[in-house]
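Asker: This is the structure I want to talk about, given as structure tokens.
Values quoted throughout were computed directly from the atomic coordinates according to the rules given, and no laboratory measurement underlies them. Every value quoted in this text rests on a predicted model; they were computed, and no experiment measured them. Neighbour counts run over all protein chains shown; Cβ positions are idealised from the backbone, glycine included.
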Amino acid sequence: MDRREALKTLSLGTLASTFVMTGCQTPPSKTSSEERFWAHVTEEDIEKWETQFFTDHEFETVRQLANLIIPADERSGNAEDAGVPEFIDFMMLDRPQYQTPIRGGLRWLDVQCQKQFDKVFIDCSEQEKVTMLDQIAYPDVAAPEMEHGVAFFNQFRDLVASGFWSSKIGIEDIGYIGNQPNDWQGCPDEVLEHVGLDPNNI
């Protein structure tokens, strides 16, 4: 299973439970953050987005990091194409409890990159970025001193996955087609025969 499939598996359960619990009759105050964002933000809004919470440097870090977590493949675009950086920016205001750990995590990432590569994350090479993320993406093997980075990356990855697979691109990536009309032709003859009924007498 590749990284995209693994993230999809992890995030779909959460998204499914959110959509089931909110339902069609849910009052606006009870709708999920994903629903509120994608219901009101158009592709044009994404193209003209001005950050609501992040500084320009932080937002660029969010963009690059999100694209490393969900890159483009032969099936669909990357996190940026889906509007995930803008979704995460929105989430900082919609869910204020994310502000300190995410902003602190972005700062922690820059400090670690400065220590290891003498530059901030967005200025690192692709290989340096991967080297950095490999140290915090796998909790079971991460060094104790990377604990804060692991916590940040886990939360950030969840935001990326949630934003991507609730977006138009992400829903198409899943292959979800929603409720479709069905032309019911009756019970198949082999099933009727299996239960001892004659299809010709039904």
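Asker: GluC sites (Glu not before Pro) within segment 60-109: which are DSSP loop residues with at most 13 other Cβ atoms inside 10 Å?
Answerer: Passing both the DSSP loop test and the Cβ count: GLU74.
Asker: Same structure, new question: What percent does the relative contact order of segment 84-155 come to when contacts are Cα pairs within less than 8 Å and at least six residues apart?
Answerer: After rounding, I find 25 percent.
Asker: When we measure straight from the Cα of LYS119, which aspartates and glutamates land under 19 angstrom away, once same-chain ones fewer than 8 places off are left out?
Answerer: LYS119 reaches ASP56, GLU58, GLU60, ASP110, GLU128, ASP134.
Asker: In addition: Rg/Rh for segment 53-186 to two decimals, with Rh computed the Kirkwood way over all alpha-carbon pairs.
Answerer: Rg/Rh: 1.08.
Asker: Sorting VAL141, VAL84 on the 10 Å Cβ count, fewest up front, what's the list?
Answerer: Exposure proxy ranking, most exposed first: VAL141, VAL84.
Asker: Sticking with this structure for a sec: In a solvent-free Debye calculation with one equal scatterer on each Cα, what is log10 I(q)/I(0) for segment 98-142 at q = 0.28, 0.32 Å⁻¹, listed in the order of the q values?
Answerer: -1.02, -1.10
Asker: How big is the dipole moment of segment 97-202 about its Cα centre under a simple scheme where the beta carbon of each Lys and Arg is +1, that of each Asp and Glu is -1, and everything else is neutral? Debye, nearest 20, please.
Answerer: Roughly 860 debye for segment 97-202.
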